[in-house]
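Q: Before I ask anything, here is the structure I am working with.
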């Protein structure tokens, strides 16, 4: 089995990630309880491996997220991997055709208007009343501040 280690700064939900190779393919053996979805591999220690957060295994033909590497005794490093289905199957996903039945969007309306929603997609704030005291904010909460207000939403 060959594994190639990468570094990426893209978010996990990005399909077309930008990968920077940290290594050329490394020949390795999987751990005893290895599977294609969540494999664990042990490599000879190399400080460059500490900076990786992404990997490709040619045997499985899949791309993986790498959990923070674990340095082990005997100059070894363990990498626990989890498959990245978006990047692994990106071509198949891009070639899928679908029918949008319902659409919702937060804030601004999406490109697909949901005609089953009886509200106007152009949001307009008519009146804002700041509640200084509520069951959710009593003025002393460490998690809710004055800028994180409590709101009552009414739609017509």
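Q: Of 97, 62, how do they rank once you tally other Cβ atoms within 10 Å and put the fewest first?
A: Final ranking by Cβ density, sparse to dense: 97, 62.
Q: Still on this structure: Hey, can you rank 70-77, 25-32, 50-57 by average C-beta count inside 10 Å, highest first?
A: 50-57, 25-32, 70-77
Q: What nm distance separates the two modelled labels at residue 94 and residue 45, each placed 7 Å from Cα along Cα→Cβ?
A: The modelled label-to-label distance comes out at 4.1 nm.
Q: Here's a follow-up. Could I have the simple spin-label model distance between residue 24 and residue 65, label points 7 Å from Cα toward Cβ, reported in nm to one decimal?
A: Label at residue 24, label at residue 65, 3.1 nm between them.
Q: Based only on other Cβ atoms within 10 Å, what is the fewest-to-most ordering of 34, 96?
A: 96, 34
Q: Express in nm, to one decimal, how much length is gained between residue 86 and residue 10 on full extension, taking 0.36 nm for each residue of separation and deducting their alpha carbon distance.
A: Full-extension gain reported as 26.1 nm.
Bear in mind that the values in this text are calculations on the coordinates, not laboratory data. Model, not experiment: these values are computed from the prediction. We place every Cβ from the backbone using ideal geometry, glycine too, and count neighbours over all the protein chains shown.
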